[in-house]
Amino acid sequence: MLQKAIISEIDIELMTLNQAIRDHFAWANKLIEFSLFDDRMDNSFTDPKSHEICAFGHWLRLQIASSEENTEALLAIEATHEIMHDAMREVINCIGNQRALREKLNNYFHAQMHFLEATDRYKTELISLRNCYDTLTGLPLRQLLYKDFSRIASLRRNKNSTFYLSLIDIDYFKSVNDTWGHNVGDIILQELGQLLASNVRVADRSYRFGGEEFIVLQECQSYRDFTAVMLRIMNIVRKHSFIIPSGAITITVTCGTTTVQEKDELQAIIDRADKAMYFGKQNGRDQCRFWSVNKMIDIEETASVTAL
């Protein structure tokens, strides 16, 4: 799945959450109707598991099962939702007993308030997450990289694989803006973001780090697997025709890469990748350099030697 789709997925989730809340209020209104006209209530009101039977409960279970993030917020909604249903059943059992009914009704109103507070917190988290994605490229922004990194680093400690961080910078991007204007610059950024998202592996993550810089995080079983991905990206960018109003242009990128070592701070990792990228800029651009203590290794040269 392209990361471009995540923004629309969040929008859809917000819409379905709002619809689910509206459906729940319609359910509560139906209860008032039943109470006033002494109609028979179905089990969505009276069953001890009514919180699982109602439409909102069904939607909530699907979200919890599929969510990798915001699980804590969803579980808080689940708890308040169940309490609200329990309070509603107590109201139903007290209909006809005016003295007890007022207390039970107040309990229900209190439970409903907590339910709405929990759903509002979840909405806030979704909106905050949406703001972590670049509207131009659809890629996550640097603030999400910093948020993701601790989770990604902990996963690495449980496996024999290695994480690599690559900093990718468009060559002569200022000249692109100066020659064709910032609208064309935006076209280049947008298409490059899509190229990165569609040509890394499913498990890899691409970020727009800022300006014309992108970051790719990869988990690879070997250095050879890592270089294969990076060389494919380099060649795809070189061959790609970026369609602009006056025709088409091509670009190149310079990459700096490094491994993620245990207990590394993210900023230190980025600094190493930046040094390797800057070395590549100073030595001709359109290349991918791997940071090491002694020298900045040219990935394409080492790959060709290995192939021999």
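The values are calculated or read from the model by the stated rules, or taken from the named source; none is laboratory data. No experiment lies behind these values; they were computed from the predicted model shown. Cβ coordinates were reconstructed from backbone atoms using ideal geometry, including for glycine residues, and neighbour counts include every protein chain displayed. Please note that ligands, DNA and RNA were not included when accessible areas were found on the heavy atoms of the full protein model with its side chains. Shrake-Rupley method; radii C 1.70, N 1.55, O 1.52, S 1.80 Å.
A few remarks follow.
- Cβ-derived FRET efficiency at R0 51 Å, residue 94 paired with residue 65, nearest 0.05: 0.90
- Cα gyration tensor category, rounded, prolate or oblate, for the range 251-308 with a/c compared to 1.5: oblate
- Unpartnered cysteines - no second Cys beta carbon under 4.7 Å - across the chain: 54, 94, 132, 220
- Normalised per residue, the accessible area of the range 89-134 is 63 Å², obtained with a 1.4 Å probe and no contribution from ligands, DNA or RNA.
- Nearest-20 debye value, the range 89-195 charge dipole, Cβ charges on Lys, Arg, Asp, Glu: 820
- Global form of the range 229-280, assessed from the alpha-carbon gyration tensor, a/c cut-off 1.5: prolate
- Percent carbon-and-sulfur accessible area, the chain, ignoring ligands, DNA and RNA, probe 1.4 Å: 52
- Normalised per residue, the accessible area of the range 152-267 is 46 Å², obtained with a 1.4 Å probe and no contribution from ligands, DNA or RNA.
- Taking every C-alpha pair closer than 8 Å and separated by at least 6 residues, the mean separation divided by the residue count of the range 85-180 gives a relative contact order of 12 percent.
- Only the Cβ atoms of Lys and Arg (+1) and of Asp and Glu (-1) were treated as charged; on that basis the dipole of the chain about its Cα centre amounts to roughly 660 debye.
- Counting every pair of alpha carbons in the chain, the share spaced more than 23 Å apart comes to 65 percent.
- Relative to the Cα centre, the charge distribution of the range 51-109, modelled as +1 at Lys and Arg Cβ and -1 at Asp and Glu Cβ, gives a dipole magnitude of about 480 debye.
- Calculated FRET efficiency, residue 128 to residue 186, Cβ-Cβ distance, R0 = 25 Å: about 0.50 to the nearest 0.05.
- Per residue, the average separation of C-alpha pairs within less than 8 Å and at least 6 apart gives the chain a relative contact order of 15 percent.
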